[in-house]
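Structure first, then comments.
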Amino acid sequence: QVQLVESGGGLVQPGGSLRLSCAASGIIFSFFPMAWYCQAPGQQRKLVASIGNDGSTNYADSVKGRFTISRDNTKNTVYLKMNSLKPEDTAVYSCYTQYYGKDYWGQGTQVTVSS
């Protein structure tokens, strides 16, 4: 049974930083790409960043230079380090992978950027 469990969200002031974690179980983690998505109220879910099984990364233009995605295959965990946070980054952030053709999502973690 595949499970993705996020942690690390919270309330932060503009310009602050957070690191999100997503722990995966039930999959051969190192074999598969992972991604972070976000969804703000009233908006569609959108890709924030992805990382391949070879460590290659891809970012949405809005977060380039501010966010860093990484993975630790020894811990079956993918991270999203978010720096220089802006109010418009406020959203629920979810971890995602596709495993043998099936989509899996975590429950999401709320990130709120506000003074």
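A few comments on the model shown:
- Among T57, T90, T97, T74, the sequence by solvent-accessible area, most first, with a 1.4 Å probe is T74, T57, T90, T97.
- Per the Cα gyration tensor, the stretch 37-115 maps to an equivalent ellipsoid with semi-axes of 22, 16, 11 Å, ordered largest to smallest.
- Counting only lysines at least 8 places from K64 when in the same chain, those with an alpha carbon closer than 24 Å to its own are K46, K81, K86.
- R71 sits with roughly 40 Å² accessible to a 1.4 Å probe, with DNA, RNA and ligands left out of the calculation.
- Per atom type, the chain shows carbon and sulfur on 46% of its accessible surface, probed at 1.4 Å.
The values are calculated or read from the model by the stated rules, or taken from the named source; none is laboratory data. None of the values given here were measured: they were computed from a predicted structure. SASA here: full protein model, heavy atoms, side chains in, ligands and nucleic acids out. Shrake-Rupley method; radii C 1.70, N 1.55, O 1.52, S 1.80 Å.
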